[in-house]
Amino acid sequence: MSIDLHTHSSVSDGTDSPAALLAAAAAAGLDVVALTDHDTTAGWSPAAEARPAGLVVVPGMELSCRWFPADEPPMSVHLLAYLFDPEHPGLAAERARLRTERLTRGERIAANLAGAGYPVVWGEIVERSGGGVVGRPHIAQALVAAGVVESVDHAFATLLNHRSPHYVTKADTNVLDGVRLVRAAGGVPVFAHGLATSRGRVVGDAAIRAMVEAGLLGLEVDHPDHTPEQRAHLRELADELGLIRTGSSDYHGANKVTPIAACTTEPDQYAAIVAAGTGCAPLTD
């Protein structure tokens with residue numbers, strides 16, 4: 001089996017519609033793919049309708065979180081959530097809050113850029129999003145279209161970077177609360193790309209142990225942004241803590257160069273996720 005458990009559609013910050021994403025997954029030879037858009041389950045229904053025969057789709061989400069070290073500023077972290085009940089009141093309320101926070105923050109960043117003379121118009125960015133959860137990737141696409149930057153990655157490395165004067169923080173979920181919410185909703189929480197130093201600061205093993213105490217069930221080990229050494233460390237840590245190990249592409253369509261199925265999950269680890277998830281089930285024939 002070929003299994004990719006981290007992908008994004010145009011419902012959040014990918015460029016493929018849910019239907020196009022599933023078609024790409026099938027064309028790449030995947031047997032199982034998880035749809036994990038940021039802070040939303042809006043892609044689940046269109047994915048169910050468009051699912052190609054023979055392709056298993058795992059309903060999921062990537063939750064925007066924060067880790068709060070005792071002696072350092074908070075840092076952004078992401079939590080993958082699989083097979084949770086989308087109607088669970090606590091998690092549904094937190095998803096709604098995060099989407100509002102993301103939208104408000106995006107509008108403020110766009111206003112900052114426009115005020116500095118960059119040719120971005122918030123209303124046009126929202127319109128081009130096609131109803132997706134609007135965030136920094138959509139602003140990056142507008143900057144690319146205007147010829148201000150060369151690529152989405154270039155935008156994130158410069159104008160949209162956390163060190164940029166135009167950057168605005170958002171009030172993400174405390175990751176320990178996020179883990180508890182996912183578990184309460186019957187879901188399987190997996191810490192996403194936890195050692196990807198290319199993205200900025202990363203948490204240490206002590207933080208991961210605290211997440212495990214809160215109910216974390218897995219670590220995303222094989223990820224395009226992890227070096228071989230980082231993957232080896234996470235694999236060893238997962239084995240020590242009895243955690244599920246996943247691998248995935250973090251596919252975003254044209255917004256990133258990484259192809260779907262670039263990294264995959266072992267079948268026995270996927271089986272462990274299915275066994276642990278009680279909020280909903282994978283979509284199968």
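The values are calculated or read from the model by the stated rules, or taken from the named source; none is laboratory data. Here the structure is a predicted model, which means the values were calculated and not measured. Positions of Cβ are generated from backbone atoms using ideal geometry, with glycine treated the same way; all protein chains shown enter the neighbour counts. Just the protein is used for accessible areas: all its heavy atoms, side chains included, with ligands, DNA and RNA removed. Shrake-Rupley method; radii C 1.70, N 1.55, O 1.52, S 1.80 Å.
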Over the range 1-30, the set of residues closer than 18 Å to T264 by Cβ, part of a loop (DSSP other than H, G, I, E, B) and out of contact with any Leu (no Cβ under 6 Å at 6 or more places or on another chain) is M1, H8, A28, G29, L30
Do you know which residues across the range 43-74 are touching a residue at least 60 places away in the same chain (Cβ under 8 Å), surrounded by 18 or more Cβ atoms within 10 Å (Cβ to Cβ) and among the hydrophobic types (A, V, I, L, M, F, W, C)? A47, V56, V57, V58, L63, C65, W67
Going residue by residue through the range 149-160, is there one that turns out to be in contact (Cβ under 8 Å) with a residue 60 or more places away in the chain and either among the aliphatic types (A, V, I, L, M) or outside any loop (DSSP other than H, G, I, E, B) (or both)? yes
From V188, V221, residue being β-branched (V, I, T) and in contact (Cβ under 8 Å) with a residue 60 or more places away in the chain: V188
When every residue in the range 161-176 that is among the charged types (D, E, K, R) and touching a residue at least 60 places away in the same chain (Cβ under 8 Å) is compared, the one surrounded by the most Cβ atoms within 10 Å (Cβ to Cβ) is D172
If you scan the range 182-216, which residues turn out to be open to solvent by 40 Å² or more (accessible area, probe 1.4 Å) and under 11 Å from A81 (Cα atoms)? R183
In the range 181-195, how many are at negative phi and touching a Pro at 6+ places or on another chain (Cβ under 9 Å)? 4
Members of the range 96-117 that are open to solvent by 70 Å² or more (accessible area, probe 1.4 Å) and in contact with a helix residue (DSSP H, G or I) (Cβ under 8 Å, 6 or more places away or on another chain): E107
Taking T284 as the residue in question, decide whether it is at pLDDT 95 or above and open to solvent by less than 50 Å² (accessible area, probe 1.4 Å). no
